[in-house]
Amino acid sequence: MRTPFSLFTRVSPSGKRVWYAKFWDIDTERYVASKSTGIVFAGRRGGRDTAAKVAEGMLAEVRRSADPLFLDFVTSFWADDSGYVKQKRIADKRPLSVEYIRNNQAAIRLHVAPYEHFKGLRLSKLRAGIVNDWKVWALEEGTGARTVNATLQAIRVAVRHAVERGDLPADPLAAVKKATEAPRERGVLLPSEVEALIGTPEADPRVKAAVLLAALGGLRRGEVRGLLWGDINEAEGILHIAHNYIDEEGVKGCKWGSSRRVALPSAIAAALFEVHKVSPASGPDDFVLFDVNRPDRPISETVLKRGFRRMLRSIGLDESSRASRNITFHGLRHSFVTLARSSGLSDVTVQALAGHKSARMMERYTHAAEIIDFQDARAKLEKAVAPKAEKVVGGAV
C-alpha cells in the first residue's frame with residue numbers, strides 16, 4: 001500500500017534547501033498537494049525524520065483541502081471572490097453578473113445546505129444517486145421544478161469546474177437529469193387591452209411610458225429602466241436600445257448582446273413627452289424614467305410593478321384576473337410579439353425589433369434589422385392597437 005506522503009528536497013525562495021512532502025490521496029489515486037515542511041536539509045538524513053513528523057501533522061489539513069466537504073465546496077465556489085469568479089472576470093474576460101452570483105448563492109443556501117445527507121459528505125464521495133435523492137427531497141418539500149433545476153445547475157457548474165481542474169477524476173453528475181418542468185404560459189394582453197392602456201389616465205407618467213415601451217416597443221424591464229434621453233430619435237421615429245439597468249451593477253449592455261433599433265409609435269412618443277415635462281434632467285446621458293428621490297438612478301422595479309398593476313385595474317383587470325391569466329410586466333414583451341405579428345409584420349422583423357435571445361435567431365435577423373422599414377412597422381403597430389391614436393402635438397421629447 002502506498003504511503004500517504006513522500007519526502008523530497010527543493011530550494012526554497014530564501015535559497016535554502018528544504019524538505020518538502022508530496023501527499024497521496026488513496027481515493028482518487030493521485031498526488032493532491034506538495035507542501036514545505038520548513039525543515040532545512042542537512043545531508044541525506046539530516047532533518048528527514050523531523051520533516052516526516054511535520055508532514056504527518058499536515059495530513060489532516062491536506063486531506064480536508066484536497067477533499068473538502070461538499071457543502072463547503074459549493075458555498076465557497078459561489079463566493080464573490082472565489083477562484084472561479086476571478087477566472088471568469090480576469091482570464092476569460094467574461095465576468096459574471098452580480099445578480100447571477102447572488103442567485104446561485106441563494107440557491108445553495110436555501111435548497112442545498114438544508115439537505116441532511118449533504119452534511120458531512122466529502123466532495124470525492126458525491127454520487128449521482130445522492131443528488132437524485134436530493135432532487136426528490138426538494139420537490140417533496142414544495143420547491144418548484146424550475147428552482148430545483150436552477151439549483152442543480154449551480155451544483156453542476158461547480159462540479160464540472162472541479163473536473164476541469166483535475167480535482168475530481170470524473171463528473172459524478174453526468175447521469176443526473178433535470179426535473180420535469182410544467183412551465184406556466186406567460187399571459188398576454190389582447191390588442192383591445194393594449195389600446196385601453198394607451199387611453200387610460202395614469203398619475204405617474206413614468207409608469208405609463210414604461211408600460212407602453214414594453215407593450216409597443218418590446219423592451220425588457222432592464223432596457224426600459226436603462227433608456228436614456230440620448231437614445232430617442234423622434235425625428236426618425238426610432239428608439240436606440242443600447243442599455244440595460246441592473247440593480248447593484250448599474251448600466252450594462254443589453255441582455256444577450258441584443259442592442260437594436262425599434263420603431264417609436266406615437267403613443268410612446270406622447271408618453272415620453274409627458275415624462276419630459278416633469279423630468280429633473282433630460283441630457284443625453286440622463287435616465288428617461290428617473291427615480292424621484294435619486295435622479296442618478298432609474299425608476300425602481302417596485303414602482304414599476306405597482307404602477308403596472310394599477311393601470312391594469314384601471315382597465316378592468318383586477319388582481320384576481322391578472323393572477324389567473326399570469327399577466328406580468330415581463331409578459332408585455334410577449335404581448336408586443338403577438339401584437340406585432342397580428343399587425344402583419346414578418347416574424348423575422350418582429351424578432352429583430354424584440355431582440356430575440358436565441359443565437360440562431362440572431363443570425364437569421366441580423367440583416368433584417370439593417371433594412372427594417374420603421375415607418376411601416378410604426379404604422380402597422382399603431383393600426384393594430386390604436387387606429388385613432390393621436391399624434392404628438394407641440395414639443396419634442
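We did not get these values from a lab; they are worked out from the coordinates using the rules stated. These numbers were taken from a predicted model, which means no experiment stands behind them. Here Cβ is always computed from backbone atoms with ideal geometry, including for glycine, and neighbour counts include all displayed protein chains.
The long axis of helix 128-140 is offset from the longest Cα principal axis of the chain by roughly 40 degrees. Ordering VAL194, PHE41, GLY142 by Cα displacement along the dipole of the chain toward the positive end leaves PHE41 in first place; charges were set at the Cβ atoms of Lys, Arg (+1) and Asp, Glu (-1).
Backbone amide hydrogens, once placed in the peptide plane, bring SER12 within less than 5 Å of ARG17, VAL18, excluding anything fewer than 5 places away on its chain.
Toward the positive end of the charge dipole of the chain, with +1 on the Cβ of Lys and Arg and -1 on the Cβ of Asp and Glu, the farthest Cα among ALA281, ALA214, ALA21 is that of ALA21.
Excluding same-chain neighbours fewer than eight residues apart, the lysines reachable from LYS35 by a Cα-Cα span under 23 Å are LYS16, LYS22, LYS53. Between SER321 and GLU61, the FRET efficiency from the beta-carbon distance, with R0 = 41 Å, is close to 0.10.
All other residues whose Cβ lies under 14 angstrom from that of LEU152 are scored, Lys and Arg at +1 and Asp and Glu at -1, for a net of +3. Counting 0.36 nm for each residue step from LEU96 to ASP80 and taking away their Cα separation leaves a gain of 4.8 nm. Amide H to amide H distances under 5 Å link SER259 with CYS254, where only residues 5 or more positions off or on other chains count and H is placed in the peptide plane.
Its Cα centre serving as origin, the stretch 191-385 has a Cβ charge dipole (Lys and Arg +1, Asp and Glu -1) of approximately 600 debye.
Between beta-carbons, use under 14 Å as the cut-off and find the net charge around ARG184, counting Lys and Arg +1, Asp and Glu -1.
Values: positive: ARG146, ARG186, ARG322, ARG325; negative: GLU181, GLU185.
Summing Lys/Arg as +1 and Asp/Glu as -1 gives +2.
Under 15 Å from a label point set 7 Å out along the Cα-to-Cβ vector of SER192, the amide N atoms of the stretch 308-336 belong to 315-317.
List the equivalent ellipsoid semi-axes of the chain in whole Å, largest first, each obtained as the square root of 5λ for an eigenvalue λ of the Cα gyration tensor. All intermediate terms of the calculation are to be shown ahead of the outcome.
Values: eigenvalues 662, 115, 68 Å².
In descending order the semi-axes read 58, 24, 18 Å.
A Cβ-based charge dipole, computed about the Cα centre of the chain with Lys and Arg at +1 and Asp and Glu at -1, lands at about 1580 debye. Of all lysines in the structure, those lying under 25 Å Cα to Cα from LYS305, and not within fewer than 8 positions of it along the same chain, are LYS208, LYS252, LYS255, LYS277, LYS357.
What's the extension gain from ARG156 to LYS35 if we count 0.36 nm per residue and subtract their Cα-Cα distance?
Numbers: separation 121, 0.36 × 121 = 43.56 nm, distance 3.00 nm.
Extending this stretch completely gives an extra 40.6 nm.
You can think of it this way: the chain between ARG146 and VAL292 has 49.0 nm of extra reach, that is 0.36 nm per residue less the Cα-Cα gap.
The value of relative contact order for the chain, using C-alpha pairs under 8 Å at least six residues apart, is 13 percent. What's the local net charge at LYS380, with K and R +1, D and E -1, over the other residues with C-beta under 13 Å away? Residues near LYS380 contribute 0 overall. When the helices of the chain are scored as -39500 (n - 2.57) per DSSP H run of n ≥ 4 and the total is divided over every residue, the value at 222 nm lands at -14000 deg cm²/dmol.
Direction-averaged projected area, Cα convex hull, the stretch 32-169: 10.7 nm², rounded to one decimal.
Helix 374-385 axis versus longest C-alpha principal axis of the chain: approximately 70°, rounded to the nearest ten.
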